[in-house]
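Please read the structure below before turning to the comments.
The values are calculated or read from the model by the stated rules, or taken from the named source; none is laboratory data. Owing to the predicted nature of the structure, the values given are computational and were not obtained by experimental measurement. Cβ coordinates were reconstructed from backbone atoms using ideal geometry, including for glycine residues, and neighbour counts include every protein chain displayed.
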Amino acid sequence: MTKEAKGGKWTSDLVLDLYSNLLTEVWEIVSALIGEAILELLFNLSIKKIGEKYPFLNSLVVSEEGISLEGIRETYRNLPPVDLHRGFQSLINHLLNLFSALTDGVISREVFPKVFPRVREAERLVSQK
Amino acid sequence: MRLIFKNLNILRSIINTINTSFEIKEIVESAGNNLPNLFEFSAFGVLWKAESSLYLFQEESCPPSFTQDVAGNMVRVFSVLGEEPDDLSRITLQVEKRKLRPSHMAMDPKAKLRSYLVLPLAVEAEIMGSISLNSDQPNAFDAQDLQFFSVIGYQMAATLKHFQRFSTVKTMAIYDPLTTLYNRRYFEERMIVEAQKSFYGGSFLSLVMVDIDHFKKVNDTFGHTEGDKVLQEIATLLKASVRKKDTVARYGGEEFILILPEAGLEEAGMIAERIRRLVESTLFEVGQARLHLTVSLGISNFPGHHARSKEDLVKMADQALYDAKRGGRNRVCVFHSVQG
């Protein structure tokens, strides 16, 4: 596990916790709008695309029950937090673009207010380095 | 609360109409007829990848520019989902117009697409297409619209998947897998229709039975795999030699049969002779060898040969084929009631 000795305030686990909560929240909001099966499909499409650049994302497990980061925790917890952050940030951006392309702002209006503060928080954690 | 119940009832009714539809056009039409009870929209679209078709059910005053906007947007969004844009460039647009709003609210002739919802039609992670609701008004749809629309999308995807499966079964039931010609079963069914049309309508109907000469030798010398290739090549030549309205079927083994609706003896004779010459002039690559092959053909005709049933017509074509074989092969024979 990577731990910043000086600040001691952020770790890979912290970043993973933050994105785990964020993705769960996105899942809950959006699945209520378009259903689990379509959302699962959109998540998998996004993971496949962004996973090309950030292979650790391919360990995300998506099912109709939701999204699990356990595979990443087990295998990639030694990755630098900033890499984890960049990967998740790209994934979320891609998902939001997909939502916008599909529903012309209807999903984005529901999700943006939740997502942006969390991503900013992640940025803040990483920049404390 | 009462409004939600009302909407749920409308939703149930839409799902029911989708469930009981037999083809995609019917789905689009029945869903389109009911959707105005749930949403205010200008066009409802269904893009179905398997058919490369985009069905639009839209307000009758929709200007062409709006239709183009909707079609372009659906294709664009579909490509965002990772689907090949090239496949979509050949899309066939099928537009159905209905009065969805009062005359005084007719669309502006320069109306543009201002807001939309698009959802993938997917079953078991396979994207089969997409559906869309479109409006010339900005922010026409909200979260509740999306919820209702997604339920419709799920039902539509399940029904389309069912159609796809049914279509595969249907294909297996009517085609010969080796030659991809129609099989004998389909021939029998088609003959019922064509014979009825001809016997009761008084139009011409010809049958041509085709048999590859000395085909057994090909199988015995080069093996069945090479023999199968010959059958496939002959099937291709047959398909290329007939008219659009004709039916070419594999009758069994190395025997084929052609149904030629509205063809008199002269026309049937021309088609048969064309096939004979084409096969004769083709060099077949069989294993390492190059072979010349020939076919024999027998023709029967209604009303020329006074057939009383479709079975009679088949027997007559078979008899004529027998005559062609007996006469030395590589020839076309027409049925004669008095054989000599």
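Data for the structure
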item	result
Tally, over segment B:26-75, of residues that are closer than 12 Å to B:MET156 by Cβ and not in a helix (DSSP H, G or I)	6
Residue in segment B:211-226 that is more than 14 Å from chain A (Cβ to nearest Cβ), acidic (Asp, Glu), within 25 Å of B:ASP318 (Cβ to Cβ) and exposed (fewer than 15 other Cβ atoms within 10 Å of the Cβ) present	yes
Condition broken by B:PHE57, with the remaining ones in (1) away from chain A (no Cβ under 13 Å); (2) in contact with a Phe, Trp or Tyr (Cβ under 8 Å, 6 or more places away or on another chain); (3) surrounded by fewer than 22 Cβ atoms within 10 Å (Cβ to Cβ) satisfied	(3)
Total residues in segment A:107-125, condition surrounded by 19 or more Cβ atoms within 10 Å (Cβ to Cβ) and farther than 18 Å from A:SER46 by Cβ	1
Yes/no for A:ILE47 being under 16 Å from the mean Cα position of the chain (by Cα) and either assigned to a helix (DSSP H, G or I) or more than 14 Å from chain B (Cβ to nearest Cβ) (or both)	yes
Whichever residue in segment B:151-192 is under 23 Å from B:VAL210 (Cα atoms) and among the aromatic types (Phe, Trp, Tyr) and, among such residues, is nearest to the other protein chains (Cβ to nearest Cβ)	B:TYR175
Given (1) in contact with a Pro (Cβ under 9 Å, 6 or more places away or on another chain); (2) more than 14 Å from chain B (Cβ to nearest Cβ), number of the condition A:LEU42 does not satisfy	(2)
Tally, over segment B:315-330, of residues that are surrounded by fewer than 21 Cβ atoms within 10 Å (Cβ to Cβ), closer than 21 Å to B:LEU205 by Cα and out of contact with any Cys (no Cβ under 6 Å at 6 or more places or on another chain)	4
Residue match in segment A:22-29 (condition: of a type in the set (Asp, Glu) and at negative phi)	yes
Unmet criterion (only one of (1) surrounded by 15 or more Cβ atoms within 10 Å (Cβ to Cβ); (2) touching a residue at least 12 places away in the same chain (Cβ under 8 Å)) for B:ALA289	(1)
Candidates B:GLY252, B:GLY269 - the one that is buried (at least 18 other Cβ atoms within 10 Å of the Cβ) and closer than 23 Å to B:ARG329 by Cβ	B:GLY269
Residue that is over 21 Å from A:VAL30 (Cβ atoms), among the small types (Gly, Ala, Ser), in contact with a strand residue (DSSP E or B) (Cβ under 8 Å, 6 or more places away or on another chain) and assigned by TED's automatic domain parsing to the domain that holds B:GLU51, where the choices are B:SER130, B:SER135, B:SER103, B:SER115	B:SER135
Conditions (1) of a type in the set (Phe, Trp, Tyr); (2) in a helix (DSSP H, G or I); (3) at pLDDT 95 or above; number of the one not met by B:TYR251	(2)
Positions within segment B:127-150 being within 24 Å of B:ALA71 (Cβ to Cβ), surrounded by fewer than 19 Cβ atoms within 10 Å (Cβ to Cβ) and at the interface with chain A (Cβ under 9 Å from one of its Cβ atoms), in sequence order	B:ILE127, B:ASN139
Tally, over segment A:50-72, of residues that are among the hydrophobic types (A, V, I, L, M, F, W, C), away from chain B (no Cβ under 14 Å) and part of a helix (DSSP H, G or I)	3
Qualifying residue in segment A:85-105 (condition: away from chain B (no Cβ under 14 Å), buried (at least 17 other Cβ atoms within 10 Å of the Cβ) and either out of contact with any helix residue (DSSP H, G or I) (no Cβ under 8 Å at 6 or more places or on another chain) or not in a helix (DSSP H, G or I) (or both))	no
Given (1) closer than 15 Å to A:ASN21 by Cα; (2) outside any helix (DSSP H, G or I), number of the condition A:LEU79 does not satisfy	(1)
Failed item, numbered, when B:ILE275 is tested on (1) more than 14 Å from B:LEU181 (Cα to Cα); (2) in a helix (DSSP H, G or I); (3) out of contact with any Ser or Thr (no Cβ under 9 Å at 6 or more places or on another chain)	(3)
Residue within segment A:28-50 that is surrounded by fewer than 19 Cβ atoms within 10 Å (Cβ to Cβ) and over 22 Å from B:VAL123 (Cα atoms) present	no
Check on B:LYS216, in a helix (DSSP H, G or I) and under 26 Å from B:MET270 (Cα atoms)	no
